[in-house]
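The values are calculated or read from the model by the stated rules, or taken from the named source; none is laboratory data. This one's a predicted model, so the numbers in the text were calculated from it and none came from an experiment. With ideal geometry, Cβ positions are generated from the backbone for all residues, glycine too; neighbour counts draw on all protein chains shown. Surface accessibility is based on the protein's heavy atoms, side chains included, excluding ligands, DNA and RNA. Shrake-Rupley method; radii C 1.70, N 1.55, O 1.52, S 1.80 Å.
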Amino acid sequence: MSETAFVRWRDLPRGRQLVGGAPMCAGCSGLEVLHQVLDVLGEKTVIINSAGCMSLLVSYPYSPLRGSWLYTAMASAAAGAQGMRDALDLRLAQGMPAEDDLQVMVLSGDGAAYGMGLSPASGAIERGLDFIYLVYDNEGYGNTGQQQSDATPHGAHTASCGSYRGWKKDLFAIWVAHRPAYAATLIGSEPLDLARKVDKAARLKGPRLLLALAPCPTGWDFDASATVEVGHLAVKTGIWPLKEYVDGRITHTKVPRERLPVEDYLVRQGRFRHLFEPRRDEARLGEVQAAVDAYWAELPGG
Amino acid sequence: MYRIRFHGRGGQGMKTASRILGSALFLAGYEVQDAPHYGAERRGAPMHAVVRAARGPIQERGFVDRPDLVVVADEGLLAEAGAAILQGLDHHSLLLTVGREPAALWQDRLRLAGPVLALADAVIAAGERHFLGAFCAGAAARLLGVVALACLLQAVDDEVASFGEAAVARSRELAEAGWRGLEEHAGSVGEGSAAGASGQAPPDWIELQAEAGDLAAPSIHGGLSSIEVRTGLWRTQRPVIDYAHCRRCWWVCSEFCPDSAISVDADGTPTIDYAHCKGCLVCLAQCPAHAIRAVPERGASS
Ligand SMILES: Cc1ncc(C[n+]2csc(CCOP(=O)(O)OP(=O)(O)O)c2C)c(N)n1
Ligand code: SF4
Ligand code: SF4
Ligand code: SF4
Ligand SMILES: [Mg+2]
């Protein structure tokens with residue numbers, strides 16, 4: 001679509017909304033995505049943060065943000081966003097100039113967004129709340145040592161479940177079933193795709209999901225310098241489909257022409273090491289590959 | 001009772017060090033406690049883990065405030081007051097630094113009442129800093145002098161098994177290297193006296209008046225204050241841009257830097273903010289011109 005301000009890489013924002021000094025791990029893609037999103041949204045954004053790694057973002061008296069930030073209990077960010085939106089609407093009604101209005105954005109981990117925060121979010125979407133819901137999905141409870149969450153992928157080792165037998169929940173599909181104003185999957189390693197989607201979301205009103213896979217060197221066990229590379233592999237293997245939902249239609253925004261085998265992605269991460277050592281677990285590697293193949297086979301033209 | 005603290009950075013294996021030493025002491029017949037100091041896990045950030053070992057039941061809990069042995073896996077941390085490495089060191093506590101500098105330098109700079117030893121870490125390559133834990137555990141075991149090499153290696157097997165065979169093999173080598181490196185000093189750490197609750201100084205409580213919520217609830221009235229937090233101290237490797245080869249494609253390095261630590265000037269020249277760059281080396285891994293190289297932080301001019 002041509003209405004985007006982001007056609008080429010050099011159109012990406014040059015200025016940075018965040019400053020340094022944030023206490024996230026070196027190489028944290030969650031923080032990378034936050035800066036990429038805020039650089040597009042600009043400073044008139046208020047963040048409602050559910051408990052997780054990012055709740056240390058603002059540790060009194062230090063904040064890397066330009067704007068305001070509200071910390072909520074793990075399940076309650078969508079409820080916090082409702083209160084924030086209501087307060088802003090009230091002030092608008094009382095005569096606050098429209099240019100002082102803020103974009104209300106939830107910042108949530110996957111543990112909250114796929115799990116205990118889902119019901120409040122569902123209620124907020126149903127009420128048509130005008131907010132963005134940004135999820136940095138590191139596929140586990142990162143802040144407490146990477147226990148299993150509802151976003152943990154099949155086969156991943158976590159601190160609580162060993163090698164996970166279940167399957168990652170499809171949060172994008174759950175949101176789409178609510179018919180929100182917008183929903184998109186993102187990844188920090190594809191900043192142009194990300195910027196276009198954030199830009200589109202910013203121009204819409206109503207409930208809007210931005211769901212970013214966030215490679216986590218600490219929880220996934222890979223070297224911090226490989227964060228972007230692991231992200232690229234998630235896309236190229238088809239494990240993390242980049243797509244958006246708008247006006248009742250889902251479009252894939254970056255279809256890997258020839259998908260790499262999933263193990264190219266898995267083998268880079270210590271959380272999947274047991275699938276390769278001491279001997280290859282062909283059965284489970286096959287299960288992961290089959291699930292990805294089935295996803296893409298179901299797409300029209302897939 | 002033996003009281004030991006291991007200080008390092010998230011990702012350098014100090015939790016593993018405490019587990020290995022704890023298990024080794026247990027195999028040697030001691031009752032043992034080992035635990036990382038609880039805090040959100042952050043790769044690169046200062047952290048520590050403690051071990052207590054005694055011939056009878058251990059009633060103490062929490063922080064080790066009168067250590068017999070303090071092991072510092074990363075010399076750079078000695079400059080960070082927040083790492084609290086010197087806390088509680090007295091004439092009988094031994095400080096072991098692991099790195100490059102000689103003991104005399106630390107003895108002179110830190111002016112400690114107790115002995116200082118230094119162990120060279122040259123056997124550990126830059127890319128395997130996460131094995132520091134095994135090395136430090138081996139060194140500490142030898143300093144205590146009550147753990148046989150066989151117990152140490154058994155403990156390595158038990159504690160590292162879940163990371164795979166290669167990790168176990170390398171950890172065994174390094175634990176043994178640490179153990180052998182301190183041969184001349186075997187047994188130089190003695191047990192501290194048992195401390196009963198009665199011997200403990202009461203905390204310096206300050207009575208605070210209950211205040212109204214708007215005064216008592218911390219709130220930050222200005223953004224961007226985290227600029228005061230020097231996360232640059234987390235760095236062990238420093239990215240350096242070679243401007244002769246830089247193509248001014250800032251939308252790569254500056255966009256991918258998770259910490260917004262690469263600013264861009266009007267003609268597209270990137271500048272790294274070393275006060276905040278955490279040294280993840282994502283920029284180095286992504287730079288298409290290979291114009292960024294890494295130099296070890298120690299010895300780099302600041
Ligand atoms: C109701 C509740 N249960 C448990 C916790 C403890 N806790 C704090 S952060 C966290 C993990 C959150 O996981 P996620 O939402 O994925 O964010 P991440 O830590 O991965 O960034 C947990 C369990 C909490 N704060 N509230
Ligand atoms: S644990 Fe993962 S998500 Fe959390 S701060 Fe560290 S890298 Fe980021
Ligand atoms: S990515 Fe490399 S070549 Fe491009 S601007 Fe950055 S340092 Fe220069
Ligand atoms: S190493 Fe590079 S990418 Fe990482 S924090 Fe420093 S400047 Fe940013
Ligand atoms: Mg998470």
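When chain A is modelled as a GNM with alpha-carbon springs shorter than 10 Å, which of A:Gly142, A:Gly20, A:Gly80 fluctuates the most? Taking springs between Cα atoms under 10 Å, the residue moving most is A:Gly20. Computed from backbone phi with θ = phi - 60° and the Karplus coefficients 6.51, -1.76 and 1.60, the 3J(HN,Hα) list for region B:4-10 is 10, 10, 10, 10, x, 10, x Hz; x is used for glycine and proline.
Hey, can you find the accessible area per residue of region A:166-228 for me, probe 1.4 Å, expressed in square angstrom?
29 Å²
Structure remark: mean-square fluctuation, Gaussian network model of chain B, C-alpha springs under 10 Å; the largest value among B:Gly222, B:Gly76, B:Gly178 belongs to B:Gly222.
In the protein assembly as shown, a dipole from Cβ-located charges (positive for Lys and Arg, negative for Asp and Glu) runs towards its positive end, and of B:His48, B:Ala291, B:Ser219 it is B:Ala291 whose Cα lies farthest in that direction.
Here A:Lys168 is the anchor, and the aspartates and glutamates within straight C-alpha reach of less than 12 Å, apart from those fewer than 8 places off in the same chain, are A:Asp110, A:Asp137, A:Glu139, A:Asp150.
Buried surface between chains A and B: roughly 4000 Å² of accessible area, summed over both sides, computed with a 1.4 Å probe on protein heavy atoms only. Each of A:Glu287 and A:His154 was given a label point 7 Å from its Cα along the Cα-to-Cβ line. The distance between the two points is 0.7 nm. Please give every one of the lysines within straight-line cross-link reach of A:Lys254, meaning a C-alpha to C-alpha distance under 17 Å, and leave out same-chain neighbours fewer than 8 residues apart. Of all the lysines, those that pass the test against A:Lys254 - Cα under 17 Å, at least 8 places apart if same chain - are A:Lys197, A:Lys200, A:Lys236, A:Lys243. Dividing the summed -39500 (n - 2.57) terms of all DSSP H runs of n ≥ 4 by the residue count of chain A sets its mean residue ellipticity at 222 nm at -9500 deg cm²/dmol. Counting, for every residue in A:60-69, the Cβ atoms of other protein chains within 10 Å of its Cβ and taking the mean gives 5. Within chain B, the longest run free of chymotrypsin sites (Phe, Trp or Tyr not before Pro) that sit in a DSSP loop with at most 11 other Cβ atoms within 10 Å is B:39-204.
Between A:Asp247 and A:Asp89, the modelled labels are 2.7 nm apart [label points 7 Å from Cα along Cα→Cβ]. Around the amide H of A:Thr237, modelled in the peptide plane, lie the amide H atoms of A:Leu260, all under 5 Å away and 5 or more residues distant in sequence or on another chain.
Annotation: for a label point projected 7 angstrom from Cα along Cα→Cβ of A:Leu260, residues of region A:231-251 with backbone N closer than 18 Å are A:231-242. Highest average first, the peptides B:282-293, B:109-120, A:86-97 ordered by how many other beta carbon atoms sit within 10 Å of their residues are B:282-293, B:109-120, A:86-97.
Within 10 Å of the Cβ of each residue in B:275-281, the mean number of Cβ atoms contributed by other protein chains is 6. Dipole size of region B:111-231 about its Cα centre, with +1 on Lys/Arg Cβ and -1 on Asp/Glu Cβ: approximately 380 debye, rounded to the nearest 20.
For the protein assembly as shown, what class follows from the C-alpha gyration tensor (a ≥ b ≥ c being the square roots of its eigenvalues): rounded when a/c is under 1.5, otherwise prolate if a/b is larger than b/c, else oblate? Verdict is prolate for the protein assembly as shown. Note on A:Glu277 and A:Asp199: the model spin-label points, each 7 Å out from Cα along the C-beta direction, lie 4.4 nm apart.
Take the Cβ-Cβ distance between A:Val267 and B:His221 as r, set R0 to 51 Å, and report the resulting FRET efficiency rounded to the nearest 0.05. E(calc), rounded to 0.05, equals 0.55. Shielding value for B:221-234 is 6, the average number of Cβ atoms from other chains within 10 Å of each residue's Cβ. Taking packing as the residue-averaged number of other Cβ atoms within 10 angstrom, the listed peptides A:106-114, A:252-260 run from highest to lowest as A:106-114, A:252-260.
Karplus-derived 3J(HN,Hα) values for region B:123-134, using 6.51 cos²θ - 1.76 cosθ + 1.60 with θ = phi - 60°, are 6, 9, 6, 4, x, 10, 5, 5, 8, 3, x, 5 Hz; glycine and proline are entered as x. Applying 1/(1 + (r/R0)^6) with R0 = 30 Å to the Cβ-Cβ distance of B:His91 and B:Ala150 gives a FRET efficiency near 0.35. The share of accessible area on the protein assembly as shown that comes from carbon and sulfur is 53 percent, using a 1.4 angstrom probe. Of all lysines in the structure, those lying under 27 Å Cα to Cα from B:Lys15, and not within fewer than 8 positions of it along the same chain, are B:Lys278.
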